[in-house]
Amino acid sequence: MISTSKAVLDAMRADFEQLPADARSKLLDMLCQSGVESPEWWWDVLVGEGDLLYRELEAI
């Protein structure tokens, strides 16, 4: 289940990276204001190094 969830987040990041810069900015702003997850989570998943949970589990 964890690998499937990580694959979904990786696919979200890949799709996000395909968008033009202005669309990425607007989408990230919209997601951060949505109240679904925190703005930091969206940033980590789409722009940063990924969800902290999956980074911690990779070491196991």
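List of remarks:
- Residues that are open to solvent by 60 Å² or more (accessible area, probe 1.4 Å) and under 16 Å from D44 (Cα atoms) within segment 13-24 comprise D15, E17, R24, listed in sequence order.
- Matching residues, segment 29-52, being at pLDDT 90 or above, in contact with a Phe, Trp or Tyr (Cβ under 9 Å, 6 or more places away or on another chain) and over 17 Å from S5 (Cβ atoms): L31, C32, S34
- Selection count where residues are in a helix (DSSP H, G or I) and over 17 Å from E49 (Cβ atoms), scope segment 9-23: 5
- Subset tally (residues that are open to solvent by less than 90 Å² (accessible area, probe 1.4 Å) and assigned to a helix (DSSP H, G or I)) for segment 25-44: 10
The values are calculated or read from the model by the stated rules, or taken from the named source; none is laboratory data. Treat the numbers as computed from the prediction; the structure is a model and nothing was measured. All Cβ positions, even for glycine, are placed from backbone atoms using ideal geometry, and neighbour counts span all protein chains on display. Only protein heavy atoms, including side chains, enter the accessible area calculation; ligands, DNA and RNA are left aside. Shrake-Rupley method; radii C 1.70, N 1.55, O 1.52, S 1.80 Å.
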